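Reading through the structure tokens given below for one structure.
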């Protein structure tokens with residue numbers, strides 16, 4: 001993929017800095033006092049604008065959710081920090097994220113203010129607490145998103161799904177929408193530089209996006225399903241299989257989902 005020049009990267013950095021500053025002001029002064037619909041519109045606008053600041057082109061296929069969707073659990077594979085902003089630019093949702101993100105400078109504050117539910121993956125018992133929080137949030141009408149792999153990958157594979165948080169959709173009798181995320185190059189191959197995986201730092205990942213002329217992210221939304229048709233293991237296996245089938249490159253399907 002062709003690389004950007006110094007002036008282009010500098011211009012993007014300036015835009016990102018100003019947009020992040022705007023986000024901090026909105027998170028501190030506006031989000032606490034605006035209603036639910038106003039909050040969703042602000043989050044949707046901010047995430048869409050952030051993608052534009054990085055010149056990330058978003059494309060969508062399948063069965064995209066409508067703005068009025070409620071009581072939905074989105075389930076996806078996980079490749080990059082940009083996954084979150086891509087989905088939020090279409091329909092604002094609450095995410096379940098690892099506890100460490102809460103302490104990130106600037107972005108940790110923004111993520112916390114957006115309603116993210118944090119899980120301590122070093123404590124097995126914390127999954128039970130988060131399950132109750134997520135289930136209640138869905139019952140009250142919120143849309144949630146989980147990444148059941150529990151980590152990011154380079155996008156060429158889908159790791160076994162942990163099924164614990166998927167139980168929330170069954171308990172809340174929610175609709176589940178699996179969706180596949182991939183970052184394609186112009187020739188259709190996976191853009192490995194877009195992955196925020198392994199030992200890659202957040203700064204290095206952002207620098208990689210800044211160096212790409214036109215990075216692309218594609219979301220394919222699978223057919224919505226009723227969670228109460230399944231037990232949690234079957235639901236985890238089904239959603240993973242649907243996501244793998246929606247990806248444009250081969251991936252191993254026959255890996256069982258995990259309990260925790």
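The values are calculated or read from the model by the stated rules, or taken from the named source; none is laboratory data. Small disclaimer: the values here were computed from a predicted structure and weren't measured. Backbone-built Cβ (ideal geometry, glycine too); neighbour counts: all protein chains shown.
Kindly check whether there is at least one residue in the range 69-85 that is crowded, with 19+ Cβ neighbours inside 10 Å, touching a residue at least 24 places away in the same chain (Cβ under 8 Å) and over 28 Å from residue 237 (Cβ atoms).
yes
Yes or no: residue 118 crowded, with 17+ Cβ neighbours inside 10 Å, without any contact (Cβ under 8 Å) to a residue 24 or more places away in the chain and either part of a strand (DSSP E or B) or in contact with a helix residue (DSSP H, G or I) (Cβ under 9 Å, 6 or more places away or on another chain) (or both)? Even if it seems obvious, please write down each step before you answer.
Values: crowded, with 17+ Cβ neighbours inside 10 Å: yes; without any contact (Cβ under 8 Å) to a residue 24 or more places away in the chain: yes; either part of a strand (DSSP E or B) or in contact with a helix residue (DSSP H, G or I) (Cβ under 9 Å, 6 or more places away or on another chain) (or both): yes.
Considered against the rule, which asks whether it is crowded, with 17+ Cβ neighbours inside 10 Å, without any contact (Cβ under 8 Å) to a residue 24 or more places away in the chain and either part of a strand (DSSP E or B) or in contact with a helix residue (DSSP H, G or I) (Cβ under 9 Å, 6 or more places away or on another chain) (or both), residue 118 comes out as yes.
Quick check on residue 135: is it in contact (Cβ under 8 Å) with a residue 12 or more places away in the chain and under 26 Å from residue 198 (Cα atoms)?
No: the conditions fail for residue 135.
Would you be able to say whether some residue in the range 195-211 is in contact with a strand residue (DSSP E or B) (Cβ under 7 Å, 6 or more places away or on another chain) and either surrounded by fewer than 18 Cβ atoms within 10 Å (Cβ to Cβ) or touching a residue at least 24 places away in the same chain (Cβ under 8 Å) (or both)? Quick ask: steps written out before the conclusion?
In the first step, residues of the range 195-211 are kept if they are in contact with a strand residue (DSSP E or B) (Cβ under 7 Å, 6 or more places away or on another chain); the result is 211.
Still in the list and also either surrounded by fewer than 18 Cβ atoms within 10 Å (Cβ to Cβ) or touching a residue at least 24 places away in the same chain (Cβ under 8 Å) (or both): 211.
Within the range 195-211, one or more residues are in contact with a strand residue (DSSP E or B) (Cβ under 7 Å, 6 or more places away or on another chain) and either surrounded by fewer than 18 Cβ atoms within 10 Å (Cβ to Cβ) or touching a residue at least 24 places away in the same chain (Cβ under 8 Å) (or both).
Considering 69, 80, which residue is in contact with a helix residue (DSSP H, G or I) (Cβ under 8 Å, 6 or more places away or on another chain) and assigned to a loop (DSSP other than H, G, I, E, B)? Don't jump to the end; show me each part of the working.
Working: 69 fails: in contact with a helix residue (DSSP H, G or I) (Cβ under 8 Å, 6 or more places away or on another chain).
Step by step, each of 69, 80 is checked, and only 80 is in contact with a helix residue (DSSP H, G or I) (Cβ under 8 Å, 6 or more places away or on another chain) and assigned to a loop (DSSP other than H, G, I, E, B).
Condition first: surrounded by 16 or more Cβ atoms within 10 Å (Cβ to Cβ), in contact with a strand residue (DSSP E or B) (Cβ under 7 Å, 6 or more places away or on another chain) and not in a loop (DSSP other than H, G, I, E, B). Now tell me which residues in the range 27-59 satisfy that.
51, 58
Tell me the residue from 137, 169 that is in contact with a strand residue (DSSP E or B) (Cβ under 8 Å, 6 or more places away or on another chain), closer than 22 Å to residue 44 by Cα and not in a loop (DSSP other than H, G, I, E, B), please.
Working: 169 fails: closer than 22 Å to residue 44 by Cα.
It is 137.
What single numbered condition from (1) in a strand (DSSP E or B); (2) at pLDDT below 95; (3) more than 27 Å from residue 204 (Cβ to Cβ) fails to hold for residue 75?
Unmet condition: (2).
Tell me which residues, restricted to the range 140-159, are within 22 Å of residue 100 (Cβ to Cβ) and in a loop (DSSP other than H, G, I, E, B).
Initial filter on the range 140-159 (within 22 Å of residue 100 (Cβ to Cβ)): 144-155, 159.
Scanning the range 140-159 gives 147, 148, 149, 150, 151, 152, 153, 154, 155, 159.
Which count do you get for residues in the range 157-171 that are within 24 Å of residue 70 (Cβ to Cβ), modelled with pLDDT under 95 and surrounded by fewer than 20 Cβ atoms within 10 Å (Cβ to Cβ)?
Residues meeting the conditions: 0.
Just checking, which of 97, 28, 14 is within 23 Å of residue 182 (Cα to Cα) and either at pLDDT 95 or above or touching a helix residue (DSSP H, G or I) at 6+ places or on another chain (Cβ under 9 Å) (or both)? Show your work before the answer.
Working: 28 fails: within 23 Å of residue 182 (Cα to Cα); 14 fails: within 23 Å of residue 182 (Cα to Cα).
Result: 97 is the single residue among 97, 28, 14 that is within 23 Å of residue 182 (Cα to Cα) and either at pLDDT 95 or above or touching a helix residue (DSSP H, G or I) at 6+ places or on another chain (Cβ under 9 Å) (or both).
Taking the condition outside any strand (DSSP E or B), modelled with pLDDT of 95 or more and within 24 Å of residue 101 (Cβ to Cβ), does residue 236 pass? Please lay out each step first, then the result.
Details: outside any strand (DSSP E or B): yes; modelled with pLDDT of 95 or more: yes; within 24 Å of residue 101 (Cβ to Cβ): yes.
Yes, satisfied.
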